Amino acid sequence: MVRPRRTVTPDQERWAEAIAMHRMHGDRAVPWLAERVGELALIGDEAGVGRFREIAWRLEQLTTQGSVE
């Protein structure tokens, strides 16, 4: 029996990345993400800026709701 592949949506991927950022950087995750956004903006990586802003927004949602600690 062949099982269908489960695909991860971009939204699910951003939430997972937000959790990973918190695990990797702890209380410094939001400032780290802000620095990364700045670096990407300086080199003109608009897609990267958008991605990391989405991750930062999700991380803020998780931390303000107490879902990640």
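The values are calculated or read from the model by the stated rules, or taken from the named source; none is laboratory data. Computed from a predicted model, the values in this text were never measured in an experiment. Counting neighbours? That spans all protein chains shown, and the Cβs are built from the backbone with ideal geometry, glycine included. What goes into the accessible areas is simple: the full protein's heavy atoms, side chains included, and nothing from ligands, DNA or RNA. Shrake-Rupley method; radii C 1.70, N 1.55, O 1.52, S 1.80 Å.
In Å and from the alpha-carbon atoms only, list the Rg and Dmax of the chain.
14.1, 50
How high is the relative contact order of the chain, given as a whole-number percent (alpha carbon pairs under 8 Å, six or more residues apart)?
In percent, rounded to a whole number, it is 37.
Order of 30-41, 48-59, 6-17 by packing, highest average Cβ count within 10 Å first?
Ranked from most to least packed, the peptides come out as 48-59, 30-41, 6-17.
Taking Cα atoms, how many degrees apart are the long axis of helix 10-25 and the longest axis of the chain, rounded to 10 and kept between 0 and 90?
Helix 10-25 and the main axis of the chain meet at about 50 degrees.
With every protein chain kept in place and ligands, DNA and RNA left out, what is the accessible area per residue of the chain? Probe 1.4 Å, answer in Å².
78
In the chain, carbon and sulfur make up what percent of the accessible area (probe 1.4 Å)?
53
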